[in-house]
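First the structure, in the form of structure tokens, and then the observations on it.
The values are calculated or read from the model by the stated rules, or taken from the named source; none is laboratory data. Just so we're clear, the structure is a prediction, and the values are computed from it rather than from any experiment. Heads up, the Cβs are rebuilt from the backbone with ideal geometry, glycines too, and the neighbour counts pull from every protein chain shown.
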Amino acid sequence: MWDIFRCDKPLIGVIHLLPLPGSPRYGLSFKEICDRALSDAEAYSSGGMDGIILENYGDAPFYPKRVSPETVASMVYIATRIREEIDLPLGINVLRNDALAALSISYVVGGKFVRVNVLSGAVITDQGIIESEAYNVLRFRKYIGADNIRIFADVQVKHAIQLREISPELEAYELLNRSLADALIVTGESTGMEADINKIRKIKEKIPQSKVLAGSGVNKNNLSKYLTICDGIIVGTSLKKNEITENPVDLKKVKEFVKAKI
């Protein structure tokens, strides 16, 4: 499953897209949005990261399920440009939980994985109640012939409260064995907050064959701690200028982060 990367414990950088056409805060030209995304992708590549993931972070407030056509079109265009210029495995996350759009975009542009925030169960979020779409997602992946695109699923996803009281270990088990996720992501309670390493440790102890990534709060100072347990890292905020999520990626920070892995 990890053959989509060129190493055993990949470092994956997040490209937080600026507000896209149709979203409430859309204001810059589409060219400026594309240029920022390409610049961020280049910084991750030049800095030595092992993969990148593109998400429509600037589109808040998010649709709870299906996004609008202009969002899909925008992400397809930007992802295509990135794939043409950057030789790194590319992931897609369509917020808040449009896994069908993510799979479609990934399939068309040659992406390697998608992130699904709520693949199993149901959660209360600022978008309302979001429910599992595993039954749709896995069938759609089969239907379009995209079995090679991996599904990374969040365990007790951030910015949400579980409707069912369930341990992270049991949710992880169900994600892997009943919802058929390929890998798991553990985050803090919100963007940039440190992931609970004890939660990751418990999942790995109960399901040692699982692939688990830390998905938030990792920086150059705690990277080695996470890599002793995790199978990979998804990182964004700590690699931005002034560590502000909306800011451009800082190449110097990326290089320091990658160096901390060695």
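Points to keep in mind about this one:
- The set of residues in region 105-138 that are surrounded by fewer than 22 Cβ atoms within 10 Å (Cβ to Cβ), closer than 21 Å to D3 by Cα and not charged (D, E, K, R) comprises Y107, V108, V109, G110, L138.
- The set of residues in region 206-222 being out of contact with any strand residue (DSSP E or B) (no Cβ under 7 Å at 6 or more places or on another chain) and in contact (Cβ under 8 Å) with a residue 24 or more places away in the chain consists of K206, I207, S216, G217, N219, K220, N221, N222.
- Number of the condition not met by A73 [criteria: (1) closer than 19 Å to L239 by Cβ; (2) out of contact with any strand residue (DSSP E or B) (no Cβ under 9 Å at 6 or more places or on another chain)]: (1)
- Single residue of region 226-250 satisfying the filter (over 13 Å from M49 (Cα atoms) and of a type in the set (D, E)) that is surrounded by the fewest Cβ atoms within 10 Å (Cβ to Cβ): E246
- The single residue among R96, R141 that is touching a strand residue (DSSP E or B) at 6+ places or on another chain (Cβ under 9 Å), surrounded by 24 or more Cβ atoms within 10 Å (Cβ to Cβ), more than 23 Å from R6 (Cβ to Cβ) and touching a residue at least 24 places away in the same chain (Cβ under 8 Å) turns out to be R96.
- Test result for A41, touching a residue at least 24 places away in the same chain (Cβ under 8 Å) and either under 15 Å from A102 (Cα atoms) or buried (at least 18 other Cβ atoms within 10 Å of the Cβ) (or both): yes
- Here is the figure for region 228-250: residues that are more than 22 Å from L176 (Cβ to Cβ) and not in a helix (DSSP H, G or I) total 10.
- For region 183-202, the candidate set comprises residues that are within 20 Å of F5 (Cβ to Cβ) and over 13 Å from the mean Cα position of the chain (by Cα); within that set, the residue that is modelled with the highest pLDDT is I200.
- The listed residues are S120, S106, and the only one of them that is touching a Phe, Trp or Tyr at 6+ places or on another chain (Cβ under 9 Å) and hydroxyl-bearing (S, T, Y) turns out to be S106.
- For the criterion of being charged (D, E, K, R), touching a residue at least 24 places away in the same chain (Cβ under 8 Å) and in a loop (DSSP other than H, G, I, E, B), E174 fails.
- Restricting K253, K220, K225, K199 to residues that are outside any loop (DSSP other than H, G, I, E, B) and touching a Lys or Arg at 6+ places or on another chain (Cβ under 8 Å) narrows the list to K253.
- Filter pass, K158 being over 18 Å from the mean Cα position of the chain (by Cα) and surrounded by fewer than 23 Cβ atoms within 10 Å (Cβ to Cβ): no
- Qualifying residue in region 157-167 (condition: part of a strand (DSSP E or B) and at pLDDT below 95): yes
Residues are listed down the side, and each one gets a yes or a no for (1) touching a Leu at 6+ places or on another chain (Cβ under 9 Å); (2) among the small types (G, A, S); (3) more than 30 Å from K261 (Cβ to Cβ):
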| residue | (1), (2), (3) |
| --- | --- |
| L20 | no, no, yes |
| R25 | yes, no, yes |
| F30 | yes, no, yes |
| A37 | yes, yes, no |
| Y44 | yes, no, no |
| G47 | yes, yes, no |
| G51 | yes, yes, no |
| G58 | yes, yes, no |
| F62 | yes, no, yes |
